[in-house]
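Please read the structure below before turning to the comments.
Please treat every number below as a calculation from the coordinates, not as lab data. Computed from a predicted structure; not experimentally measured. Using ideal geometry, Cβ is built from the backbone for each residue, glycine included, and neighbour counts are taken over all protein chains shown.
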């Protein structure tokens with residue numbers, strides 16, 4: 001039994017409950033799981049024989065979504081349970097049309113895992129990228145439910161490959177098949193005795209390529225951009241915003257913060273170039289009002305206080321600054337690159353294969369301070385030939401890496 005694992009996960013779940021009265025995210029995590037079993041058991045008949053897809057949050061769903069879309073296109077009658085660990089993923093997608101039911105993952109214990117499999121009797125399960133839950137995987141294996149890990153990435157410093165990682169190695173070996181993003185991950189898996197694995201690539205490339213193909217217009221963003229270069233700052237945190245302000249490069253900025261708390265939005269309003277308006281103030285009104293509020297000058301800020309727009313907003317960018325690189329890790333670079341937009345990001349990108357590949361391809365730029373950011377922005381904004389060259393490299397980067405969805409579905413569909 002994984003005693004240390006149970007101790008750590010038990011302490012983690014206990015800590016979430018302890019801080020839930022004071023921390024909104026923890027409170028949402030606890031409240032969201034209230035009534036979970038009643039909801040699942042009410043859907044028991046509908047979900048019998050389902051495909052169960054589990055994602056940590058919204059970003060992982062975007063990674064699994066192309067697979068789900070392809071399977072549902074071939075099997076529209078197939079029931080689907082979609083679960084999330086985080087409240088943000090569940091709240092954003094609780095009514096998603098691809099799923100028969102959307103809910104939270106029950107806390108990982110032997111009793112919960114066995115109860116979930118008995119309730120669902122799934123035909124197959126698909127976990128996305130980083131999701132490893134010992135008891136859920138063990139219960140699926142005990143009941144001989146084919147279980148897959150999609151778009152997985154592994155690094156030598158992870159517990160799977162360290163002397164103390166026996167429980168993690170057991171989890172990796174519990175999957176029927178692991179679809180890895182790259183050859184390095186494949187070699188690491190094979191080194192610990194995981195034989196049923198292959199390189200599929202990353203399904204996110206198919207997802208962002210589909211968004212570009214859809215070519216959905218956002219007239220408000222188009223009117224704000226006008227004929228001037230536009231810097232789209234996506235999923236930014238305060239550290240990213242401070243860096244952008246310290247760099248002091250004049251221009252048009254479209255800022256879409258990662259979190260939309262009012263205090264954060266007010267801080268952006270106070271500090272970013274004027275004229276400035278919020279997206280919510282302008283949407284729904286006459287499109288001419290955008291010019292009246294923000295003016296026709298080649299500078300100013302449009303602050304996006306709406307979720308779910310960023311992947312389409314990058315369409316209007318000449319340059320994208322993607323946040324998170326001064327915190328836990330960068331957010332999605334591919335959403336911008338798919339539109340042929342060069343990306344700038346902070347140094348914390350070790351866990352993201354595409355960041356290093358973009359740097360080597362000449363379509364991505366790591367910056368560690370305001371001087372470096374200023375230099376990159378100045379070069380790209382004042383040298384049209386240089387901007388065109390890196391934009392072409394960005395567009396090719398995604399186009400050359402699509403196809404992972406087909407490779408995954410070819411295997412997964414044989415078990416449904």
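Brief remarks on what is shown
- Residue with peak Gaussian network fluctuation, the chain [Cα springs, cutoff 10 Å], from 89, 191, 403: 191
- All Cα pairs of the chain, percent lying beyond 37 Å: 27 percent
- Given their separation in residues at 0.36 nm each and the Cα-Cα distance between them, residue 263 and residue 411 gain 48.5 nm when the chain is fully extended.
- Compactness of the range 302-416, expressed as Rg and Dmax over alpha-carbon positions, Å: 15.8, 54
- The convex hull drawn around the Cα atoms of the range 123-267, when projected onto a plane and averaged over every direction, covers 13.6 nm².
- Counting neighbouring Cβ atoms within 10 Å and putting the fewest first, the residues 50, 55 line up as 50, 55.
- Folded to 0 to 90 degrees: helix 238-247 orientation relative to the chain principal axis, Cα: 30 degrees
- Placing a pseudo-label 7 Å from each Cα along the Cα-to-Cβ vector at residue 357 and residue 271 gives an inter-label distance of 3.3 nm.
- Subtracting the Cα-Cα distance of residue 95 and residue 383 from their residue separation scaled by 0.36 nm leaves 99.1 nm.
- Centre separation in Å (Cα based) which lies between the range 359-415 and the range 187-202: 26 Å
- Ranked list, fewest to most other Cβ atoms within 10 Å of each Cβ, for 211, 344: 211, 344
- For the range 216-399, the normalised intensity computed at q = 0.09, 0.13 Å⁻¹ comes to -0.28, -0.60 (log10 of I(q)/I(0), Debye sum over alpha carbons, equal scatterers, no solvent).
- Helix 24-33 axis, angle to the chain major axis (alpha carbon atoms, nearest 10°): 40 degrees
- Relative to the dominant Cα principal axis of the chain, helix 370-382 is inclined by about 60°.
- Dividing the summed helix terms, -39500 (n - 2.57) for each DSSP H run of n ≥ 4, by the number of residues in the chain produces a 222 nm estimate of -14000 deg cm²/dmol to the nearest 500.
- Most fluctuating residue given options 238, 24, 347, as computed from a GNM of the chain linking Cα atoms under 10 Å: 24
- With a Förster radius of 30 Å applied to the beta-carbon distance between residue 12 and residue 399, the computed FRET efficiency rounds to 0.15.
- Of the beta bridges in the range 216-399, as assigned by DSSP with both residues counted there, near 0 percent are antiparallel.
- With the convex hull drawn over the C-alpha atoms of the range 264-342, the volume per residue is 119 Å³.
- Separation in nanometres of the label points that stand 7 Å from Cα toward Cβ, at residue 144 and residue 289: 6.3 nm
- When the chain is treated as a GNM with alpha-carbon contacts under 10 Å, the residue of 12, 321, 134 showing the greatest mean-square fluctuation is 12.
- Gain upon complete extension [residue 31, residue 19; 0.36 nm per residue less C-alpha separation]: 3.1 nm
- For the range 185-288, radius of gyration divided by Kirkwood radius, i.e. Rg to Rh on alpha-carbons: 1.16
- Antiparallel DSSP beta bridges within the chain, as percent of all bridges there, nearest 5: 0 percent
- Fewest-first ranking of 207, 306, using other Cβ atoms within 10 Å as the exposure measure: 306, 207
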